[in-house]
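Structure first, commentary second.
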Amino acid sequence: MQKIVTCLIAGIAVAGLAVTTSRADDYPTKPVTFIVPFPPGGLVDFTARPVAAALERVWKQPAVIANRPGAGGGVGIVAAGTARPDGYTLLFAHPSITSVPASDVVLGRKPSFDREQYVPIARFVADPLILVVKGDSPFKTFKDVVDAARKEPGSVSYSSSGAYGAVHLPFEMAAHAAGVKFKHVAYTGGGPALTAVLGNHVQMTMGSPSVLAPQIKSGAIRPLLNTGAKRVALLPDVPTVYDLGYKDAEFYLWVGLFGSAKIPAETIAKVRDGVAKAVKDPEFIQQLQKMQLPVEYQDGPDFDKFWKADAERIEAAIKRIGKVE
Amino acid sequence: MSAILHDLALGFSVALTPSVLIYSLVGCIVGTLVGVLPGLGPLAGISLLLPMTLGLPPTTAIVMLAGIYYGAMYGGSTTSILMRIPGESASVVTCLDGYEMARKGRAGPALAIAAIGSFVAGTISVVALSLVAPQIARYALNFGPAEYVGLLTLALLLLAQLGSGSKVRSLVMSLLGLALGMIGIDPLTGYARFTLGIPALADGLGIVPLAVGLFGISEILLSAGTRNVPKVAAPRLRDLYPSRAELSASTMPCLRGTVLGFVIGLIPGSAHIISSFISYALERKLSRTPERFGKGAVEGLAGPESANNAAAVSAFVPMLALGLPAGAIPAVMLAALMAHGISPGPRLIQEQPQLYWGFVASMYVGNLVLLLLNLPLVSLFVSVLRIPYAILYPIVTTMCVVGVYSISSSVTDLWIMFAAGIAGYFLRRANYDVAPVVLGFVLAPMFEVSLRQALTISSGSLWIFIERPIAATLLGTAFVLVLLSLWMPISRRLELRRTKAGD
């Protein structure tokens, strides 16, 4: 009997210990899971892995990447929103966290999540997209494209990675800013979209600087426009939407870390501290350099401001697009 | 020519470096394991293992990934032949005659022919790739949506060739497959179709859970209903390897399959997955005894297996020659290169010759390794069949569950697999073949997307299919095939009448 009582007391003591250790000031005391809502091998996955590895060194706790692909990121984003809000399940996301629910609304579906359910923790990269035409295209500048589209609306075609995706949206923004209409041909991914330009099936597409740079250097494609506010180191000659006066067409393929809005503020602050140290980790910087992804780190509040402005542009573009066809 | 020999020598000097060679071996072995595990195919295999290669030097990493890829292609045929469980869409065809051969006690020869056919096709394709890749890659880009429509129309016509029973039943099953292929978010408009509001269905049914269910699970259910357990005697060494007759019957299908597969694999996109289906239909058309197909015809195994592996190699051409991620697997490989700081582009050959030629040379080595690895394993794999059903099938079912779940950690996929298994059980008991369902399912989204892309590009004008020579040729061929199939019964009847009148 006495043994049982001792055991019970010991048990309670251990349980009490467990309760105290899971308090925010000791975060993290166990492995942290990072949901990547895309399959391995994409931009989000490749950004998340070095971040997680650096956090592992900062926290001295395992950081686990869990790829939960599906529905343009929707499946993984929902999973991160419904996980226990203790800060041990976090989410890496890109602009689809804004565009997926917004396109659901336009298409008359009940959105599977709302972006208000997530708090931004940090942004790591924010690459603009580069608009390209085939190397032997008659279009030498973006103005040529706009002039041709104005002369004959719908005569200039582009391939996208899919409806409401990260190529469709900036093209709609650029067309809107220039007051013209382009012909949209949706493909099933950025690779097939680029292949369509090289095969001369459509006239233009967009892609990340690091992906397109070798094709541009070989002369296979020609860059005409950068959707960012500043020029990129890889392609310093390509004019930005600001240079050309189309600043409403500003668009970035960014990757950020989010948490459920239900996670206690102190825990989120802990994560932000950890991330601030992780982005200074030399191995992290070196790995992103290797992939030619410039680090565009922003801490929570700055990222929040950036994200709100970005979301407004994306949501407006999706409303303008309306239902495709 | 001497330039190519020189380049290849460079490649082999890289591929035969001990560290590269070891990782190539490891890749082949891991790939074979991944392929043998039911439900895990090459794409799932390399995506899951990609993060593990990030710590390796780039050439080593890419060689290992390639090893995993074609190792999985080899291994995938093993479960198809032994247990009727396809690891990916291409090995669905292997289930048809490969499994029937196994049921007739010819599992060993079936496995050996699959391995030899894959080796021959793989090697010929690598030679072709090293000789002509850069020249043809650019030309293959002309194959756009309109051409796809032509090719897929031909493929749809061949659907009826796939079943072993009546054509009407095959067509009904193809329609079922086409309908199932419509489930999910329409990539061109973003509309969710037939998803019943279930978010997990937004990307459509997965090909792997569907195929594993329809083929594998239904087979397990069917044999549970039969009492007579086939007795597989301990095979004699002579019965483990193909007879001379089997080998000579496989030679031409293997070579035809290689050429067909190589050409189809060059087409950017996912055309390579239909190469095995087309090869099967072709062999059946050419055969003097088409009624043997679906009942263990060795030609129906050798042709598609070769086509599949040839296409697997030539699918790398747009990636290697142009740096284009033209299909799902090259996209993952290119991503791996980018993670290593190599941005692949059209000048990969000039800028990274040791990587390019090392990769090509590693494919020669890998194919040989896989042949040497797989032939001795034949006897081991065949002895699996001697395990009593009561023990074997629960293990296989568990492995199916693990394999299918590991693809995207989705429980919905498991429900799809079991539902497809039960549906497959009833369909097959009612004498409906399930192979056309899978082909219809694969073709439906490809055909729909290409057709709509072609019509968007042409602003709705149908001329695009006639103006473009390749599209026009393919559609013309399809048209002639339809006319022929309409004319045949008529001509037969006319002839009958004439002979009667002659009486």
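The values are calculated or read from the model by the stated rules, or taken from the named source; none is laboratory data. Model, not experiment: these values are computed from the prediction. Here Cβ is always computed from backbone atoms with ideal geometry, including for glycine, and neighbour counts include all displayed protein chains.
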Criterion first (away from every other protein chain (no Cβ under 14 Å) and without any contact (Cβ under 8 Å) to a residue 12 or more places away in the chain) does residue A:316 satisfy it? yes
List pairs: first in the stretch A:214-226 and part of a helix (DSSP H, G or I), second among the acidic types (Asp, Glu) and at pLDDT below 95, Cβ under 9 Å, 6+ apart or cross-chain? A:214/B:351
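Residue-by-condition table, conditions (1) without any contact (Cβ under 8 Å) to a residue 60 or more places away in the chain; (2) within 13 Å of another protein chain (Cβ to nearest Cβ); (3) under 20 Å from residue B:34 (Cα atoms); (4) assigned to a helix (DSSP H, G or I):
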| position | (1), (2), (3), (4) |
| --- | --- |
| B:359 | no, no, no, yes |
| B:363 | no, no, yes, yes |
| B:366 | no, no, yes, yes |
| B:372 | yes, no, yes, yes |
| B:376 | yes, no, yes, yes |
| B:387 | yes, no, no, no |
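Scanning for something surrounded by fewer than 16 Cβ atoms within 10 Å (Cβ to Cβ) and either modelled with pLDDT of 90 or more or over 30 Å from residue B:450 (Cβ atoms) (or both), does the stretch B:213-222 turn up at least one residue?
Scanning the stretch B:213-222 turns up at least one residue that is surrounded by fewer than 16 Cβ atoms within 10 Å (Cβ to Cβ) and either modelled with pLDDT of 90 or more or over 30 Å from residue B:450 (Cβ atoms) (or both).
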Only one residue in B:322, B:355 is over 24 Å from residue B:41 (Cα atoms) and at the interface with chain A (Cβ under 9 Å from one of its Cβ atoms). Which one? B:322
Within the stretch A:59-72, take every residue that is crowded, with 19+ Cβ neighbours inside 10 Å and away from chain B (no Cβ under 12 Å) and give me the one that is nearest to residue B:201 (Cα to Cα). A:63
Can you find even one residue in the stretch B:123-142 that is out of contact with any Phe, Trp or Tyr (no Cβ under 6 Å at 6 or more places or on another chain), β-branched (Val, Ile, Thr), over 28 Å from residue A:198 (Cα atoms) and crowded, with 23+ Cβ neighbours inside 10 Å? no
With respect to residue A:273, determine if the residue is among the acidic types (Asp, Glu), closer than 22 Å to residue A:95 by Cα, in a helix (DSSP H, G or I) and in the same structural domain as residue A:121 (by TED's automatic domain parsing). no
Filtering the stretch B:250-303 down to residues that are more than 14 Å from residue B:110 (Cβ to Cβ) and touching a Lys or Arg at 6+ places or on another chain (Cβ under 6 Å), which residue is nearest to the other protein chains (Cβ to nearest Cβ)? B:293
Name the single residue that is farthest from residue A:48 (Cα to Cα) among those in the stretch B:336-356 being free of Cβ contacts under 8 Å to residues at least 60 places away in the same chain and among the small types (Gly, Ala, Ser). B:345
Counted residues in the stretch B:129-147 being under 21 Å from residue B:471 (Cα atoms), at pLDDT 85 or above and assigned to a helix (DSSP H, G or I) come to 3
State which residue is nearest to residue A:106 (Cα to Cα) when the search covers only the stretch A:305-325 and only residues that are surrounded by 16 or more Cβ atoms within 10 Å (Cβ to Cβ) and of a type in the set (Gly, Ala, Ser). A:317
Is there any pair with a first residue in the stretch A:73-85 that is under 18 Å from residue B:408 (Cα atoms) and within 11 Å of chain B (Cβ to nearest Cβ) and a second that is among the aromatic types (Phe, Trp, Tyr) and buried (at least 21 other Cβ atoms within 10 Å of the Cβ) whose Cβ atoms are under 8 Å apart and which are 6 or more apart or on different chains, and what are they? A:73/A:38; A:76/A:38; A:77/A:118
Among the residues of the stretch A:155-168, is any in contact with a helix residue (DSSP H, G or I) (Cβ under 9 Å, 6 or more places away or on another chain), touching a residue at least 24 places away in the same chain (Cβ under 8 Å), in a helix (DSSP H, G or I) and within 12 Å of another protein chain (Cβ to nearest Cβ)? yes
